[in-house]
Amino acid sequence: MAQLGTGSHEDRYRLLLEISRIVNAPLELAEVTDAIATALKPLAALDALVLVTVEQGNVRTRSIHVDGFPRKEGDTFADYAARAMNLTREQMESKMPAVKPLAGTNLEHAARLGRPYVANRLSKDNLKFEMEQKLIEFGVKAYVLCPLIVRDHLIGALSVSRRVTDNFTDEEVNLFGDVSGIVATALANSLAYSQIQILTDRLQEENVLLRQRIADVDEADEMIGDSKAIRRVREAIDKVAPTDSTVLIYGETGTGKELVARAIHARSPRSKKNLVKVNCAALPEALVASELFGHERGAFTGAVQRRIGRFEMAAGSSLFMDEIGEIPGDVQVALLRVLQEHEFERLGGSHTIRTDARLIAATNRNLQQSILEGSFRNDLYYRLNVFPIEVPPLRERREDIPRLVECFVGRYSARVGRRIREVEPATMDLFLRYAWPGNIRELQNVVERAVILAEDSVLRVDPKALVSPAPSLVKPFDADGESRGNALREQERDMIEAALSNSQGRVSGERGAAARLGLPASTLESKIRALGIDKHRFKSRRDVLAKRSVA
């Protein structure tokens, strides 16, 4: 063991300069802990160094260095600590919880004394604190606990321990005290910066949510119509909104599932806070977990700062997860835990975060079929399907079309400065007969385009604007919505396959099938999956529909 002998004052001075450089460098806490331990070893032998913080009456372990156990890339605190202690992660979390109460601990005692607490020759016969029993189990023979105090405020501690019976000398204890003073100041600055960063992140996220809410108010309509189908949806919303139950909204793309989610949130006790939204299908698979649960700085390449996830943002509010059937398998496991335990960790973090966010999910997929195909977890499905609401397609509520058209005409004529006084009867008849594969969103887009093109006060739509490559999509109006089911699916399949054939299998782009059908590419992709169409076979077979008709 190295002792502080001749030249120790110069060595101490150099060491403290090095420690100052380390703690003020742009490093992660794990890197800081490793660097401090490495700097100390020439002057004081140690086997482990632990850095903890004190937050709201609890002690939180932030980082640990164990001699002889280098870190691996991507290691979390829990991963490294479990490997260094030769334990499973579950055993480590049980024996050494990341968070524990401050009251009654050796740290509380050291803080009260205002100096390092020294425990030499630790044994079962001289235990003063409960946690020392666990230290003995880990092979610790002696330790020094230095409280980190800034302006009479305890913010954490630096602990140095040995697995040999050699006592810590007074010189070593004094050295640790000097080091802890430097670390305390740097840690206080770091924590203050982190808190400012968290508040800044929250302000930025709340700003985004506020803009979304303003946009929602601008776009939101009450659920227009008085059909039996839409009345059933309203009744379901009124029943479930006052509760905290998870809701799963089913429906084809463009039917207004987000509108249902907003209505549930608006009628709930959580309505004073913004509805938090995320479209799972719009996120790269690798970023879904980060978007939902957040990440710590350095959790992965490109994670240059901590990010708050949607579940954390939705505390006390509701989280709307659209296209939930698209989330990858590993995220499904984490989501199941949130629904069961109401807790999660940020990516790259060890701190367990509890959430009371209410989940409202939506999908245009048949999740039961996805379960059979192995792409969706059965247990997650049952956790989500507490209160299902099915939003009807527009073809099943045709009697609502006149009122919807009236609403959209009023909205878009005001935006473009036109005065549309009436809808041409032939146009309304066309609207009532058309199958609307894109549902309300398609109707909305058609009306907006017609308002822009209107040359007088009458709204007119050219039938060619609605007739797709499969003319059979225009069906006689049936007030009971009988033009649905297998026949309609086949008509829709014919239309999509015709468009894919003409575009040689391309979905997006100016010449893609989506543009030919007047649908968003994401909507068409969803329909292709739902109908089980193999879009790739059209890249070399333009005549597929002709062959089907011959057959």
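General remarks:
- Looking only at residues of region 315-341 that are assigned to a helix (DSSP H, G or I) and among the small types (Gly, Ala, Ser), we find that the one that is surrounded by the fewest Cβ atoms within 10 Å (Cβ to Cβ) is Gly329.
- Test for Ala78: is it assigned by TED's automatic domain parsing to the domain that holds Arg12, of a type outside the set (Lys, Arg) and surrounded by 20 or more Cβ atoms within 10 Å (Cβ to Cβ): no
- Among residues of region 173-196 that are over 14 Å from Leu29 (Cα atoms) and at pLDDT 80 or above, those with a Cβ under 7 angstrom from a residue that is surrounded by 16 or more Cβ atoms within 10 Å (Cβ to Cβ) and of a type in the set (Gly, Ala, Ser), sequence gap 6+ or separate chain, pair up as Leu175/Ala44.
- Residue ranges of helices (runs of 4 or more DSSP H) in region 42-127 with at least 2 members in contact with a Lys or Arg (Cβ under 7 Å, 6 or more places away or on another chain): 77-84
- Qualifying residue in region 132-148 (condition: outside any strand (DSSP E or B) and on the phi > 0 side of the Ramachandran plot): yes
- Residue check for Ala111: in contact with a Leu (Cβ under 6 Å, 6 or more places away or on another chain), modelled with pLDDT of 80 or more and either within 26 Å of Arg151 (Cα to Cα) or of a type in the set (D, E, K, R) (or both): yes
- The residues of region 342-374 that are among the acidic types (Asp, Glu) and more than 30 Å from Phe77 (Cα to Cα) amount to a single one, Glu373.
- Yes/no for Val59 being assigned by TED's automatic domain parsing to the domain that holds Ala184, touching a Pro at 6+ places or on another chain (Cβ under 9 Å) and among the β-branched types (Val, Ile, Thr): yes
- Sole exception among (1) closer than 28 Å to Asp166 by Cα; (2) part of a helix (DSSP H, G or I) for Arg21, by number: (1)
- Residue pairs meeting the criteria (Cβ under 6 Å; at least 6 apart or on separate chains; first part of a loop (DSSP other than H, G, I, E, B), in region 444-465; second acidic (Asp, Glu)): Arg460/Glu424
- The criterion of at least 2 residues that are closer than 30 Å to Val99 by Cβ is met, among helices (runs of 4 or more DSSP H) falling completely within region 342-429, by 378-384.
- Residue within region 372-379 that is basic (Lys, Arg) and buried (at least 22 other Cβ atoms within 10 Å of the Cβ) present: no
- Residues of region 225-251 satisfying the condition of being buried (at least 22 other Cβ atoms within 10 Å of the Cβ) and part of a loop (DSSP other than H, G, I, E, B): Gly225
- Residue within region 49-66 that is surrounded by 15 or more Cβ atoms within 10 Å (Cβ to Cβ), of a type in the set (Val, Ile, Thr) and modelled with pLDDT under 80 present: no
The values are calculated or read from the model by the stated rules, or taken from the named source; none is laboratory data. These numbers come from a predicted model, not from an experiment. Virtual Cβ from ideal backbone geometry, glycine too; neighbours counted across all protein chains shown.
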